[in-house]
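**Student:** Here it is: the structure, laid out below.
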Amino acid sequence: MKTGARCLLILLLLNAALFLASCRNVSAGRGASISEKKESIKTYPFSDPDPVPVFTRSSMWGQAARLYPYFFFNKFSDQGMDKDWTVVRLENPYIQVSVLPQVGGKVWGASEKATGRDFLYTNHVLKFREIALRGPWTSGGIEFNFGVIGHAPSTATPVDYLLRKNPDGSVSCVVGALDLPSRTRWSVTITLPKDKSYFETTALWFNASPYSQSYYSWSCAAIKAADDLKYIFPGSAQIGHDYSVPLEPWPVDRKGRDLSWYKGNDFGGAKSYFTVGKYQDFYGAWYKNSDAGFGHWALYDDVPGRKIWIWDLSRAGEIWVDLLTDKDGQYSEPQAGRLYNQSDHESFKPYTADRWREIWFPYRDIGPMVKASPEGVLNVTPSENSLDIGFFPLQAVDKDLTVTEKDGKELFRKHLRLGPGRAFKKSLPIIGGTSIIEVSLGGKLIYATDPKSFDIKRPLRFRPIDESTAEGLFLGGSRSEKARDFQTALRKYLACLEIEPLHVRALTRTAEIYARRGEYVKALGFAETALETSMYDAEANYVYGVICRKQGELVDAKETLGWAARSMEYRSSAYAQLAEISFLEKDFDRALEYGKRAVDFNAFNLNAREVLVTTYRAMKKRPQADEELERILAIDPLDHLARFERYLLEPGTARLEEFKSMIRCELPHETYLETALYYVRLGAVEDAVTLLRNAPEQPEALAWLAWLLRERSPDESRAYLEKAFGLSPWLVFPFREESIPVFEHAIASLPGDWKPKYYLGLIYWGKGRIEEARDLFAMCEGADFAPFYLTRGALTRDTDPVKARADYDHAIGLDEKSWRSRHALIEFDLELGHAGQALETSRKAATLFPSEVPIRVDLVKSLMAAGGYEEAAGVLEGIEALPYEGAGEIHALYVTTNVRLALESLRAGNWSRAVERFEHSKQFPEKLGTGAPFDPDFRLQDFAEAFCYEKMGEKEKAEASRKAVLEYTLRTWPASGPNAYLGGLILQQAGEKAKAREVLSTAKPSKEIVEILKAIGQ
């Protein structure tokens, strides 16, 4: 090559590299391209983060403790505004995909270019509503969820991301985050090939902690809802969210309704169908009128979970159309998961990683999908005398399509040479009707007309666990632990050990829970008993080794981790632990040996690879360190520690900025802390200090700097300590057990400062060490932070209500402009039955905060508690509420208020006014956040109205009301619900004695029913 040409080539390559590094636009010529820019999107924002720790909340569906240290957002706007958002767009000649890195890294939408049709629902506004675990959520695209059931904590906030051009001409956007409660790291690489009509999502999830974590992962896609929408979900059965019902038939239910058609779900409430029973790699949907659809493909063993979510087709669901979008209409969610059901969680073992690939695609012009693969989508429609075949290629195809009978007789063969998106259709005459026929493309994409050809015969039983035995208690504890409910798990494990003291698995799991609480002495006792009972048990040895390491007993740690390494389950994680200990002991050769062993058995063990890099750096082996860094970034392009190691290998402004600029998540200080603790574990204190000096100023990060410098630089340590606790505690929620000695040191150094006691108390509370948290909070004298008093009040309200009330009063005094303090006090007084005090506070709060819906609802509750139903009804008339998913609280107050007013009229003999109020209670004012469901239960009102009509001499209306109660009871048989008792009484009056006895023997009348019966003399 001539010199000039060589220089030109080098210049071009440098320009291309700079272009890529800028992440503004990465192009693969006429193939695939990727761009990043700010775009203005109409946004209905969320705001008002709650400075009180999340585990004080009572309305978190039992998830609060499992979400700490995340915080909730309380305010959602009904007014849209134009706001700039970062949008990443991937495009090739066939499809385009958009990604929102600042909204959880979600896929915003995807469309097919030939038709302009969205095959993934795109919501053109960001209308955040209270649906996710932390509140804000917006519909559309694909949402990535890792951790525990529910829309992920990161779903509405910024995540880390980067753009990448790949050697094969494809382009990728990698999004990811650190899940704080589990301390696991997830990333999803969204890749668009240059020459295919699909895009890929490749998930990487790594447990970087030494403990088992909750395993739960679902991708929640969205497609447009329509009456002609048909769900193509393989399965012979479906189950809902819990295990209280047996498997139900799919797709046709026991009443003959075909649930696979969207319009066939016009009954009951919202639907969650988890389909099981077929070994298939695909699912999707099809729109009959446009003959177009959406599809998803993944290896069955990677993604066996399939779920359809449908909003109620009644007004209860339809109100969410306007709540979540402006013009894009209703949507439905086809979801893909790693487990069968979203009630299921499994155990994510320490230092292990999972990786799986999914593809998402459009198809059209061939009829409904019956089979799919990365090559294409197949439709086969047999009829009496023909076989219609359609094939939609997702990539270039040059293969034979064959049709054979079951015995191998060939009926048809055609060589297909098609480009992506060029559909093929053929109708074959089948003389004498169809038998079992196979359709095959190149021997790979195979479909058989035999409906049982992919049936799964293994037992599938979804049910609660019988906890009447020691083993049952252990399994119950295991299920709770897997769902991150450590308090319940510990209680059940200890109950198991009461029955069977030498239950090795219960001993081991109990030991690990105490270790994650930072109670290492207790933990060691249980682990010792486990080893005394079963000397070679791999899990017991591993847990014992981890605890010993935490306590600095490195000889015992190494000995037991060595035994754990003999097990395939713990081999890689145990070797990684041994590599870290070897580095801590400055035995670098052994650190390399164990690190290499760890990655030999788990190539994705990023902890082990990171130790290898740090060890090579310590040994000044730069080429080996660089090679290992490339391997790490090939596995996880968002590995921040790898970029910091690059800086340590090559100190300088450019490398440091490269590291810092890639931390783009909501809470960057947590990434710095998590990375620094890696170096602390290795004894590489200087590296940890260097890292934390570059972290955002935040109390816990500064406290760690003070702790790490306490001996080598006491004056600097003191300065950092004073700076840390001079900062505001707003949204500061420490949670790591490693920080316990850090805050203990701060307490000893600053005995008069309340903040380190508060922070340590939060850790203890989050770990379930409630009494220690109470003790520390009791020592927090002189606190000048209202959320602290709300936090302490929530912790002491059950044990010392007098002190709790004083704390709530103090919070109000400290922050007169906060509605939260008064809300907490009102709830507290209502819980204690102090209606007068609650009402006094509510009236004042409603005057100060007239636009705060929680305060107006508090006023309604207080008025009701004081018997002021007429005024409560008036307040309800003035409330306009944005609901949360499943909301019904305000409507329930509306019903109760009107029923109570009807009862007052009934007792006064004002029959017409009573009927008017009962009828009023049947309404569903949508401004209160709830739409009318299908077939609501009005038996209480109808029963009482029948009596009123009798008194008014309107016999026909009385009979019609009784008939309404009877018909509802029979229509919803077996009788259930809060008004079933009244159904039993009407059955009795109608002569249905046997059914009446069946209902009345089990149904219990509510307080309202008892009052109605008393008022009418029954």
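The values are calculated or read from the model by the stated rules, or taken from the named source; none is laboratory data. Model, not experiment: these values are computed from the prediction. Counting neighbours? That spans all protein chains shown, and the Cβs are built from the backbone with ideal geometry, glycine included. These area figures cover heavy atoms from the full protein model, side chains too; ligands, DNA and RNA do not enter into them. Shrake-Rupley method; radii C 1.70, N 1.55, O 1.52, S 1.80 Å.
**Student:** Among the candidates GLU627, GLU658, GLU666, which residue alone is farther than 19 Å from ALA353 by Cβ, assigned to a helix (DSSP H, G or I) and out of contact with any helix residue (DSSP H, G or I) (no Cβ under 8 Å at 6 or more places or on another chain)? Steps first, please.
**Tutor:** Numbers: GLU658 fails: out of contact with any helix residue (DSSP H, G or I) (no Cβ under 8 Å at 6 or more places or on another chain); GLU666 fails: assigned to a helix (DSSP H, G or I).
So the residue among GLU627, GLU658, GLU666 that is farther than 19 Å from ALA353 by Cβ, assigned to a helix (DSSP H, G or I) and out of contact with any helix residue (DSSP H, G or I) (no Cβ under 8 Å at 6 or more places or on another chain) is GLU627.
**Student:** Follow-up question, since we're still on this one. Among the residues of segment 629-683, which ones are open to solvent by 10 Å² or more (accessible area, probe 1.4 Å) and either β-branched (Val, Ile, Thr) or at pLDDT below 95 (or both)?
**Tutor:** ILE635, THR653, ILE663, THR671, THR675, VAL680, listed by residue number.
**Student:** Related question: Across segment 741-779, which residue is most open to solvent (accessible area, probe 1.4 Å) among those that are touching a residue at least 24 places away in the same chain (Cβ under 8 Å) and among the β-branched types (Val, Ile, Thr)?
**Tutor:** Of everything passing the filter in segment 741-779, ILE770 is most open to solvent (accessible area, probe 1.4 Å).
**Student:** Is at least one residue of segment 411-419 modelled with pLDDT under 95, in contact with a Lys or Arg (Cβ under 6 Å, 6 or more places away or on another chain) and either surrounded by 15 or more Cβ atoms within 10 Å (Cβ to Cβ) or assigned to a loop (DSSP other than H, G, I, E, B) (or both)?
**Tutor:** no
**Student:** With (1) at pLDDT 95 or above; (2) open to solvent by less than 20 Å² (accessible area, probe 1.4 Å) as the list, and VAL403 as the residue in question, which single condition is left unmet?
**Tutor:** (1)
**Student:** Tell me which residues, restricted to segment 828-851, are in a helix (DSSP H, G or I) and either hydroxyl-bearing (Ser, Thr, Tyr) or open to solvent by less than 70 Å² (accessible area, probe 1.4 Å) (or both).
**Tutor:** Answer for segment 828-851, where residues must be in a helix (DSSP H, G or I) and either hydroxyl-bearing (Ser, Thr, Tyr) or open to solvent by less than 70 Å² (accessible area, probe 1.4 Å) (or both): PHE828, ASP829, LEU830, ALA835, GLY836, ALA838, LEU839, THR841, SER842, ALA845, ALA846, THR847.
**Student:** Which of the residues belonging to segment 439-450 are at pLDDT 90 or above and either of a type in the set (A, V, I, L, M) or open to solvent by 50 Å² or more (accessible area, probe 1.4 Å) (or both)?
**Tutor:** Result: VAL439, LEU441.
**Student:** Another question, if that's okay. Which one of ASP354, ASP344 is part of a loop (DSSP other than H, G, I, E, B) and open to solvent by 10 Å² or more (accessible area, probe 1.4 Å)? I'd like the intermediate steps shown before the answer.
**Tutor:** Numbers: ASP354 fails: part of a loop (DSSP other than H, G, I, E, B).
Checking each option against the conditions leaves just ASP344.
**Student:** Anything in segment 720-736 that is hydrophobic (A, V, I, L, M, F, W, C) and either surrounded by fewer than 19 Cβ atoms within 10 Å (Cβ to Cβ) or not in a helix (DSSP H, G or I) (or both)? List them, or say none. Steps first, please.
**Tutor:** First, the residues of segment 720-736 that are hydrophobic (A, V, I, L, M, F, W, C): 721, 724-725, 727, 730-733, 735.
PHE725, LEU727, TRP730, LEU731, VAL732, PHE733, PHE735 - these are the residues of segment 720-736 that are hydrophobic (A, V, I, L, M, F, W, C) and either surrounded by fewer than 19 Cβ atoms within 10 Å (Cβ to Cβ) or not in a helix (DSSP H, G or I) (or both).
**Student:** OK, next. Taking the options SER453, SER480, name whichever one is open to solvent by 30 Å² or more (accessible area, probe 1.4 Å), among the small types (Gly, Ala, Ser) and closer than 30 Å to GLN238 by Cα.
**Tutor:** Every option except SER453 fails the conditions.
**Student:** Of ALA964, ALA980, which residue is under 23 Å from LEU903 (Cα atoms) and open to solvent by less than 30 Å² (accessible area, probe 1.4 Å)? Spell out how you get there, then give the answer.
**Tutor:** On the way: ALA964 fails: open to solvent by less than 30 Å² (accessible area, probe 1.4 Å).
Unique residue meeting the criteria: ALA980.
**Student:** Next question, about the same structure. Restricting to segment 545-556, give me the number of residues that are assigned to a helix (DSSP H, G or I) and open to solvent by 30 Å² or more (accessible area, probe 1.4 Å).
**Tutor:** Taking segment 545-556 as the starting set, the residues that turn out to be assigned to a helix (DSSP H, G or I) are 545-550, 554-556.
Cutting the leftovers down to open to solvent by 30 Å² or more (accessible area, probe 1.4 Å) gives us 549-550, 554-556.
So the answer is 5.
**Student:** Separate question: Can you tell which of LEU901, LEU863, LEU882 is aliphatic (A, V, I, L, M), within 24 Å of ILE319 (Cβ to Cβ) and either open to solvent by 20 Å² or more (accessible area, probe 1.4 Å) or modelled with pLDDT of 95 or more (or both)?
**Tutor:** Values: LEU901 fails: within 24 Å of ILE319 (Cβ to Cβ); LEU863 fails: within 24 Å of ILE319 (Cβ to Cβ).
Among LEU901, LEU863, LEU882, only LEU882 is aliphatic (A, V, I, L, M), within 24 Å of ILE319 (Cβ to Cβ) and either open to solvent by 20 Å² or more (accessible area, probe 1.4 Å) or modelled with pLDDT of 95 or more (or both).
**Student:** Please return the ranges of strands (runs of 3 or more DSSP E) entirely within segment 122-220 where 3 or more residues are more than 17 Å from ALA298 (Cβ to Cβ), among the hydrophobic types (A, V, I, L, M, F, W, C) and at pLDDT 95 or above.
**Tutor:** Of the strands (runs of 3 or more DSSP E) lying wholly inside segment 122-220, those with at least 3 residues that are more than 17 Å from ALA298 (Cβ to Cβ), among the hydrophobic types (A, V, I, L, M, F, W, C) and at pLDDT 95 or above span 171-179.
**Student:** Run GLY782 past the list (1) in contact with a Phe, Trp or Tyr (Cβ under 7 Å, 6 or more places away or on another chain); (2) buried (at least 21 other Cβ atoms within 10 Å of the Cβ) and report the number of the one that doesn't hold.
**Tutor:** So the condition that GLY782 fails would be (2).
**Student:** If I ask for residues that are open to solvent by less than 20 Å² (accessible area, probe 1.4 Å) and assigned to a helix (DSSP H, G or I), which ones from segment 562-577 would you list?
**Tutor:** Narrowing segment 562-577 to residues open to solvent by less than 20 Å² (accessible area, probe 1.4 Å): 564-565, 570, 572-574, 576-577.
Hits for segment 562-577 are ALA564, SER572, SER573, ALA574, ALA576, GLN577.
**Student:** Of these, GLU559, GLU580, GLU593, which one is in contact (Cβ under 8 Å) with a residue 40 or more places away in the chain and either outside any helix (DSSP H, G or I) or not β-branched (Val, Ile, Thr) (or both)? Full working, then the answer.
**Tutor:** Numbers: GLU559 fails: in contact (Cβ under 8 Å) with a residue 40 or more places away in the chain; GLU593 fails: in contact (Cβ under 8 Å) with a residue 40 or more places away in the chain.
When all the criteria are applied, what remains is GLU580.
**Student:** Applying the selection to segment 526-556, what residues are closer than 19 Å to ILE740 by Cβ and of a type outside the set (Val, Ile, Thr)?
**Tutor:** Answer for segment 526-556, where residues must be closer than 19 Å to ILE740 by Cβ and of a type outside the set (Val, Ile, Thr): CYS548, ARG549, LYS550, GLN551, GLY552, GLU553.
The rows are residues; the columns are (1) of a type in the set (Lys, Arg); (2) over 16 Å from LEU428 (Cα atoms).
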{"residue": "PRO374", "(1), (2)": "no, yes"}
{"residue": "LEU378", "(1), (2)": "no, no"}
{"residue": "LEU387", "(1), (2)": "no, no"}
{"residue": "LYS399", "(1), (2)": "yes, yes"}
{"residue": "LYS409", "(1), (2)": "yes, no"}
{"residue": "PHE412", "(1), (2)": "no, no"}
{"residue": "LEU418", "(1), (2)": "no, yes"}
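**Student:** Is it the case that ALA225 is closer than 30 Å to ASP636 by Cβ and either open to solvent by less than 10 Å² (accessible area, probe 1.4 Å) or in contact with a helix residue (DSSP H, G or I) (Cβ under 8 Å, 6 or more places away or on another chain) (or both)? It would help to see each step written out before you state the result.
**Tutor:** Numbers: closer than 30 Å to ASP636 by Cβ: no; either open to solvent by less than 10 Å² (accessible area, probe 1.4 Å) or in contact with a helix residue (DSSP H, G or I) (Cβ under 8 Å, 6 or more places away or on another chain) (or both): yes.
So ALA225 fails the test.
**Student:** Look through LEU473, LEU490, LEU460 and report the one residue that is of a type outside the set (Asp, Glu), open to solvent by less than 70 Å² (accessible area, probe 1.4 Å) and over 24 Å from GLU512 (Cβ atoms). Give the steps one after another, and end with the answer.
**Tutor:** Numbers: LEU473 fails: over 24 Å from GLU512 (Cβ atoms); LEU490 fails: over 24 Å from GLU512 (Cβ atoms).
After ruling out the rest, the residue left standing is LEU460.
**Student:** Within segment 319-327, identify whether any single residue is open to solvent by less than 20 Å² (accessible area, probe 1.4 Å), touching a strand residue (DSSP E or B) at 6+ places or on another chain (Cβ under 7 Å) and in a strand (DSSP E or B), and answer yes or no. Spell out how you get there, then give the answer.
**Tutor:** Of the residues in segment 319-327, the ones open to solvent by less than 20 Å² (accessible area, probe 1.4 Å) are 319-320, 324-325.
Adding the requirement that they be touching a strand residue (DSSP E or B) at 6+ places or on another chain (Cβ under 7 Å) leaves 324-325.
Narrowing further to those that are in a strand (DSSP E or B): none.
Scanning segment 319-327, I find no residue that is open to solvent by less than 20 Å² (accessible area, probe 1.4 Å), touching a strand residue (DSSP E or B) at 6+ places or on another chain (Cβ under 7 Å) and in a strand (DSSP E or B), so the answer is no.
**Student:** Please count how many residues of segment 788-827 are surrounded by fewer than 15 Cβ atoms within 10 Å (Cβ to Cβ) and touching a Leu at 6+ places or on another chain (Cβ under 6 Å).
**Tutor:** 0
**Student:** Looking only at segment 630-655, which residues are assigned to a loop (DSSP other than H, G, I, E, B), within 23 Å of LYS586 (Cβ to Cβ) and touching a residue at least 12 places away in the same chain (Cβ under 8 Å)?
**Tutor:** Residues of segment 630-655 assigned to a loop (DSSP other than H, G, I, E, B): 636-639, 650-652.
Checking which are within 23 Å of LYS586 (Cβ to Cβ) leaves us with 651.
If the condition is that a residue be assigned to a loop (DSSP other than H, G, I, E, B), within 23 Å of LYS586 (Cβ to Cβ) and touching a residue at least 12 places away in the same chain (Cβ under 8 Å), then no residue fits.
**Student:** Mind checking which helices (runs of 4 or more DSSP H) fall wholly inside segment 481-541 and carry at least 1 residues that are out of contact with any Lys or Arg (no Cβ under 8 Å at 6 or more places or on another chain) and under 17 Å from SER347 (Cα atoms)?
**Tutor:** Working: elements: 486-499, 504-516, 520-533.
Because the criterion is at least 1 residues that are out of contact with any Lys or Arg (no Cβ under 8 Å at 6 or more places or on another chain) and under 17 Å from SER347 (Cα atoms), the helices (runs of 4 or more DSSP H) in segment 481-541 that meet it are 486-499, 504-516.
**Student:** Could you check, for segment 239-246, whether at least one of its residues is closer than 30 Å to LEU323 by Cβ, open to solvent by 10 Å² or more (accessible area, probe 1.4 Å) and more than 23 Å from the chain's Cα centre (by Cα)?
**Tutor:** Let us first name the residues in segment 239-246 that are closer than 30 Å to LEU323 by Cβ, namely 239-242, 244-245.
Filter once more, keeping what is open to solvent by 10 Å² or more (accessible area, probe 1.4 Å): 240-242, 244-245.
From what is left, the residues that are more than 23 Å from the chain's Cα centre (by Cα) are 245.
The answer is yes, given that some residue of segment 239-246 is closer than 30 Å to LEU323 by Cβ, open to solvent by 10 Å² or more (accessible area, probe 1.4 Å) and more than 23 Å from the chain's Cα centre (by Cα).
**Student:** On to the next question. Across segment 39-56, what is the total count of residues that are open to solvent by 20 Å² or more (accessible area, probe 1.4 Å), of a type in the set (D, E, K, R) and over 10 Å from VAL125 (Cα atoms)?
**Tutor:** Initially, segment 39-56 is screened for residues open to solvent by 20 Å² or more (accessible area, probe 1.4 Å), giving 39-40, 42, 45-49, 55-56.
Filter once more, so that each one left must be of a type in the set (D, E, K, R): 39, 42, 48.
Within this subset, residues satisfying the condition of being over 10 Å from VAL125 (Cα atoms) are 39, 48.
Number of matching residues: 2.
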